[in-house]
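What follows is one structure encoded as structure tokens, with my remarks underneath.
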Amino acid sequence: MLKLASLRALIEQCAPDLKRDPERLKIVGEDGRIVATGTPALSFEYQYGADILILDYTGHTDALFVPIIAWMKVNQSEQMDNPQLREKAIEFRVEHLNDHAADIGIWLQLTERVIVKRDPAAGAPNRLTLTHPEEPCHVGTVCQAEHWELWLRNEKKLAEWDLAPPPARDWFKPAL
């Protein structure tokens with residue numbers, strides 16, 4: 001599941017102390033299921049919840065949630081665009097440990113498509129190839145790599161991160 005690794009990289013960019021102390025950041029795929037169709041194709045979709053646990057967090061919670069919202073808009077746009085889905089797209093719980101630290105649990109509902117196609121190479125008539133297509137770039141969104149900074153009242157930088165666009169943006173480049 002590629003999105004779990006992408007989430008970890010995002011959170012580590014926004015809270016570098018979690019990268020230095022990886023035991024404080026747990027990301028687990030839960031309640032997973034495989035959805036396949038009744039067609040002869042073997043393609044399917046992973047559907048699962050990403051359970052993110054951040055232990056002893058001392059930063060500003062906005063430094064976590066703003067990047068996660070931006071990530072969701074790129075990687076799970078169907079949930080953010082749909083009013084019925086977005087109400088449950090990002091859930092959280094917080095346990096304050098003291099005046100400076102908290103344990104934060106975040107839950108996201110994720111999907112990942114897997115395309116399985118026959119690829120009969122010489123001498124291997126039953127060979128299959130897998131691809132994990134990226135999320136498409138939607139009309140009206142910026143489809144290029146972006147570097148973001150999050151500032152509190154223009155006084156204190158809370159976080160910074162990079163968002164890579166889906167490779168599908170290449171479909172829309174004009175032919176030279």
Selection status of residue 30, of a type in the set (Asp, Glu), free of Cβ contacts under 8 Å to residues at least 60 places away in the same chain and closer than 25 Å to residue 162 by Cβ: no
Where residues in the stretch 72-94 are touching a strand residue (DSSP E or B) at 6+ places or on another chain (Cβ under 7 Å) and hydrophobic (A, V, I, L, M, F, W, C), which of them is surrounded by the fewest Cβ atoms within 10 Å (Cβ to Cβ)? 94
Residues satisfying the stated conditions in the stretch 30-43, i.e. loosely packed, with under 10 Cβ neighbours inside 10 Å and touching a Leu at 6+ places or on another chain (Cβ under 8 Å): none
Which residues, counting only those in the stretch 95-132, are loosely packed, with under 13 Cβ neighbours inside 10 Å, within 25 Å of the chain's Cα centre (by Cα) and among the hydrophobic types (A, V, I, L, M, F, W, C)? 130
If you go through the stretch 89-110, how many residues are out of contact with any helix residue (DSSP H, G or I) (no Cβ under 8 Å at 6 or more places or on another chain) and more than 20 Å from residue 24 (Cβ to Cβ)? 1
Please verify whether the stretch 72-88 includes one or more residues that are within 23 Å of residue 19 (Cβ to Cβ) and free of Cβ contacts under 8 Å to residues at least 24 places away in the same chain. no
Sort out which residues of the stretch 61-71 are surrounded by fewer than 16 Cβ atoms within 10 Å (Cβ to Cβ) and touching a Leu at 6+ places or on another chain (Cβ under 8 Å), and write them in order of number. 62
Suppose we filter 134, 91, 95, 112 for residues that are over 21 Å from residue 66 (Cα atoms) and modelled with pLDDT of 90 or more; which single one remains? 112
Here are 105, 38: which of them is modelled with pLDDT of 90 or more and either of a type in the set (Gly, Ala, Ser) or touching a Cys at 6+ places or on another chain (Cβ under 8 Å) (or both)? 105
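Residue-wise test of (1) assigned to a strand (DSSP E or B); (2) touching a Ser or Thr at 6+ places or on another chain (Cβ under 7 Å); (3) closer than 18 Å to residue 5 by Cα.
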| position | (1), (2), (3) |
| --- | --- |
| 31 | yes, no, yes |
| 40 | no, no, no |
| 51 | yes, no, yes |
| 60 | no, no, no |
| 94 | yes, no, no |
| 100 | no, yes, no |
| 109 | yes, no, yes |
| 113 | yes, no, yes |
Among the residues of the stretch 1-29, the number that are more than 15 Å from the chain's Cα centre (by Cα), buried (at least 17 other Cβ atoms within 10 Å of the Cβ) and either of a type in the set (Val, Ile, Thr) or in a helix (DSSP H, G or I) (or both) is 1
Answer yes or no as to whether residue 68 is of a type in the set (Val, Ile, Thr) and in a strand (DSSP E or B). no
Residue 46 vs (1) buried (at least 18 other Cβ atoms within 10 Å of the Cβ); (2) among the aromatic types (Phe, Trp, Tyr); (3) over 18 Å from residue 79 (Cβ atoms): all pass except (3)
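The values are calculated or read from the model by the stated rules, or taken from the named source; none is laboratory data. Predicted model, so just to flag it, every value in this text is computed and none were measured. Every residue, glycine as well, gets a Cβ built from its backbone with ideal geometry; the counts of neighbours run over all protein chains shown.
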